[in-house]
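The values are calculated or read from the model by the stated rules, or taken from the named source; none is laboratory data. Please read these numbers as outputs of a predicted model, since none were measured by experiment. Heads up, the Cβs are rebuilt from the backbone with ideal geometry, glycines too, and the neighbour counts pull from every protein chain shown.
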Amino acid sequence: MAALDAQALREWYDSYMAADGEDLNLEDPLLQGLSSDSLDTDCIEQRICDLAPGISVEDGHCSTCRHMLDNWPLFSYSLQDLDQYPDGQFPWKSATAGSYQNTASIEASARQGCKFCALLLQALKDGEVLETFRRIEGRLDRLGERATASLSVGTMWDRTGRVWLDLPNKLSTRSNSGINTAKFSFRTIAEDDVVSEDQGIFEMANCWLRTCCESHKSCNPDVESLSRPTRLVSIANGKPRVEITADMDRPGQPLRYATLSYCWGTRPFIKLTKQNFQGLTKVIPTEDVPPIFADAVTIAKALEIDYIWIDSLCIVQDDDDDWRKEADRMQAVYSGSYVNIAAASATDVYGGCFVKTPSYFRDGVQVKVTVDGTHEFLEFGRVDTYDRSVIDTHLMTRGWAIQEKLLAPRTLHFGSRGVFWECRERILSESLPKRLSLPGSFNCLVFGNHNWKENFWEQLVMLYGAANLTYRQDRFPALAGIARAIAKVTGDEYVAGLWRRNIELHLCWHSLETRKMRRRPRVDDADWVAPSWSWASMDGVVQYPRHNDDLDDPAEQYPDRYAHVFDTEMTFSGPRPFGQLRRGVVYLRCSVIVAGRLRNTKAPNDFQSYFTESVSIDFADGPKLLPVDIDCEYDSQEYEGQVVYLVPLVGAKDYGWSETDEYACPDDHFQLGLVLRKTNDAPGEFCRIGFFEFHECPRPWIWANARDPNKALPAFRQAISETSDATARAVCAEVVSNTEVPEEKYVITLV
């Protein structure tokens, strides 16, 4: 696209300079138009190279950053300030700390070794605004205007605060306003917590490991309860080989070993087979070892570990019986690991562990600042560092790796963002090797009993749904270890990917990728892995119902119950109740069954509406459409115009409204339930094909036809009163009159 002419460019500049820095955001037309500007990356690179020689970096900071840190504009509130603000309403303090010539100077300084500039540069990249900044700088340069990017600081009362880089030549006073995605947090730390950066990676890792083993109670299981893996790779004498642990001295004693989490990829590499078994127990040829295995051995040796467990070398890959037996032992293998080594960014075994680029990457920094002659130590870091360095890595797209991370008491992540430590009590990075202000890990939620949260499983299911498995049949085996561990902690019963204690609520999952899976496999299909009522029957990301963070107990969150699961029946392929299924049945007593006909009401190529189909119900005053969400494309097409059944499970008053909402309805109630079809295999037997959420009030951002005066929940109540009893009696397996809850009297079976 052609560049703006001189007059249009000047008009843009006048509008840009007149705009309030608090209000500018990426959707603003002033910034939207920047996307048409081409970026001359060669020219930018040359400018960075030209600037670099003139930048002096001492003690890890360039002169610009050093001057700014030596003249830090404000302190955070102290405990003494509490008396001045007894109501806790502390004013937000903000100021400008300094300014930078442009983003090229920031990158040049980062390449020269300035730690603070490296943190700024990474914040711009992570916030996906670096190109926006550079396009603005390009326009200012064409006009002969000088561009400066100001660093602003905001301070909270609890000795924490935020720092953000403002748009070129603009200022804003709050970090959550406008475009300020290039931001990070800071907190005050004691001088004793400042870490010297002279440590190497392995020195840091050994320090982390030693501290964890000596002082973290929840990270160190009872050694008496640990069992050895069947096989390990011995790396002690320079000639790696597969060793059978039963043949070792003191076979019943605990053994210190590492485990490896990695992505196999599609290229061939060495694996343990029936044919090479004997040879690999003597020696694993060095020339056959792929880079990721070689790096893992290097790391294990640096941590003074003599054995490592690698699945492809410790499980006989062409022996189904051995694979099933060892997969069932996965919980014991990873739970008993001394440390798990995770190759976070490698896409296959040829990628390796040491892949951090560029060398000036930084996601945190500790610095000394001076305010009016008073010194203070601050620690800067981004709140999303854990997600970017661990959760959002390529390794976490592998279904098995999620379980491995959760089961291991401690993990060293090696990826493109450097080395990351994670155990059940600490999260640390090579940038901040002693203290890191980050959310707790999944491990804490599972194994630290005081931290257990009911919604942990729901978060895990969402993460797991986004991951990949080479074989669909691994859907449950790849979660068996973590499910077994959760069952031990909570005492709850595991039911095909759901939990018995609140199973009525957990049945109300819905797919976030409705069209990713065209057809859900039937029970007699070769790729069937789960019953229709389980989220595991679907490929892709699924989500559980929303949560009120003020309430921990799901029973309090959804007090209205319209159905009760009174029994379940699971048939497994193997002897253990956490692995592969042959059949799964839920027996349900429900109070309501409403019949209607499925209608595909979604307009072609309409990707905006949340719900895609509706159920047409005949009333005395005419037919009405109730919006529903069908799980997969095949069911939407196959059952178009056919009779389906709506069964509500739970309900509540909606806590999500705000008085400022355009369609505010403070007394809104809603019901969640299932869309079912009859199987015709047995009386009262149904399969799930979808989900519904009916509200008292219109919710236009959820379904397209919510402006219809016939609200979904009132219409559903009308259908219940007019048609439900006759429908339920005709299609249920049994009518029960002596239930604990009189309304729950129609018995149906879900398969």
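Against the list (1) within 24 Å of the chain's Cα centre (by Cα); (2) over 20 Å from Met462 (Cβ atoms), the condition Arg522 fails is (1). None of Thr411, Thr397 is out of contact with any helix residue (DSSP H, G or I) (no Cβ under 9 Å at 6 or more places or on another chain) and polar (S, T, N, Q) except Thr397. Among all positions in the range 649-666, there is at least one residue which is crowded, with 23+ Cβ neighbours inside 10 Å and at pLDDT 90 or above.
The one condition from (1) more than 22 Å from Arg329 (Cα to Cα); (2) buried (at least 24 other Cβ atoms within 10 Å of the Cβ); (3) within 17 Å of the chain's Cα centre (by Cα) that Phe414 does not meet is (3). So, in the range 558-580, of the ones that are assigned to a strand (DSSP E or B) and out of contact with any Lys or Arg (no Cβ under 9 Å at 6 or more places or on another chain), which residue ends up nearest to Gln473 (Cα to Cα)? For the range 558-580, the residue satisfying everything is Asp567.
Do we have Asp23 as part of a helix (DSSP H, G or I) and either surrounded by fewer than 17 Cβ atoms within 10 Å (Cβ to Cβ) or modelled with pLDDT of 90 or more (or both) here? In short, no.
None of Val339, Val367 is over 24 Å from the mean Cα position of the chain (by Cα), in contact (Cβ under 8 Å) with a residue 40 or more places away in the chain and outside the structural domain of Asn71 (by TED's automatic domain parsing) except Val367. If the condition is being among the basic types (Lys, Arg) and over 22 Å from Gly352 (Cβ atoms), then the range 380-402 contributes only Arg382. Within the range 261-277, is there a residue that is closer than 23 Å to Ala485 by Cβ and buried (at least 19 other Cβ atoms within 10 Å of the Cβ)? Scanning the range 261-277, I find at least one residue that is closer than 23 Å to Ala485 by Cβ and buried (at least 19 other Cβ atoms within 10 Å of the Cβ), so the answer is yes. Contact map, the range 625-647: first residue at positive phi and in contact (Cβ under 8 Å) with a residue 24 or more places away in the chain, second residue in a strand (DSSP E or B) and buried (at least 23 other Cβ atoms within 10 Å of the Cβ), Cβ cut-off under 8 Å, separation 6 or more or different chains; pairs are Gly641/Leu598.
Does at least one position in the range 56-70 carry a residue that is without any contact (Cβ under 8 Å) to a residue 12 or more places away in the chain, over 16 Å from Gly113 (Cα atoms), part of a helix (DSSP H, G or I) and not polar (S, T, N, Q)? No, that holds for no residue.
Looking across the range 532-543 at every residue that is crowded, with 21+ Cβ neighbours inside 10 Å and not in a loop (DSSP other than H, G, I, E, B), the one that is modelled with the lowest pLDDT is identified as Val542. Return yes or no: is Asn180 within 26 Å of the chain's Cα centre (by Cα), modelled with pLDDT under 85 and surrounded by 17 or more Cβ atoms within 10 Å (Cβ to Cβ)? Criteria met by Asn180. Restricted to the range 385-418, and to residues that are of a type in the set (D, E, K, R) and touching a residue at least 24 places away in the same chain (Cβ under 8 Å), which residue is nearest to Asn220 (Cα to Cα)? Looking at residues that are of a type in the set (D, E, K, R) and touching a residue at least 24 places away in the same chain (Cβ under 8 Å), I get Arg410. Answer yes or no: is there a residue in the range 497-512 that is assigned to a loop (DSSP other than H, G, I, E, B) and charged (D, E, K, R). The answer is no; no qualifying residue exists. I'd like the residue in the range 544-562 that is in contact with a helix residue (DSSP H, G or I) (Cβ under 6 Å, 6 or more places away or on another chain) and either crowded, with 16+ Cβ neighbours inside 10 Å or of a type in the set (Phe, Trp, Tyr) (or both) and, out of all such residues, is modelled with the lowest pLDDT. Per the stated criteria, the residue is Pro554. When Gly351, Gly373 are checked against the criterion of being more than 23 Å from Ser234 (Cβ to Cβ) and crowded, with 17+ Cβ neighbours inside 10 Å, Gly351 stands alone in meeting it.
Take the conditions touching a helix residue (DSSP H, G or I) at 6+ places or on another chain (Cβ under 6 Å), assigned by TED's automatic domain parsing to the domain that holds Glu11 and under 29 Å from Gly418 (Cβ atoms) and apply them to Glu137. Does it pass? Criteria not met by Glu137. Here Arg426, Arg398 are screened, and the one residue that is closer than 30 Å to Pro229 by Cα, surrounded by fewer than 24 Cβ atoms within 10 Å (Cβ to Cβ), more than 18 Å from the chain's Cα centre (by Cα) and not polar (S, T, N, Q) is Arg426. Considering the range 324-336, the residues that are of a type in the set (Gly, Ala, Ser) and surrounded by fewer than 23 Cβ atoms within 10 Å (Cβ to Cβ) include one that is nearest to the chain's Cα centre (by Cα), namely Ser335. Selection of strands (runs of 3 or more DSSP E) fully inside the range 226-300 by the criterion of at least 2 residues being under 31 Å from the mean Cα position of the chain (by Cα) and assigned by TED's automatic domain parsing to the domain that holds Val419 returns 258-261. Within the range 258-270, is there a residue that is without any contact (Cβ under 8 Å) to a residue 24 or more places away in the chain and not small (Gly, Ala, Ser)? There is at least one residue in the range 258-270 that is without any contact (Cβ under 8 Å) to a residue 24 or more places away in the chain and not small (Gly, Ala, Ser). Of all positions in the range 514-531, none carries a residue that is buried (at least 20 other Cβ atoms within 10 Å of the Cβ) and outside any loop (DSSP other than H, G, I, E, B).
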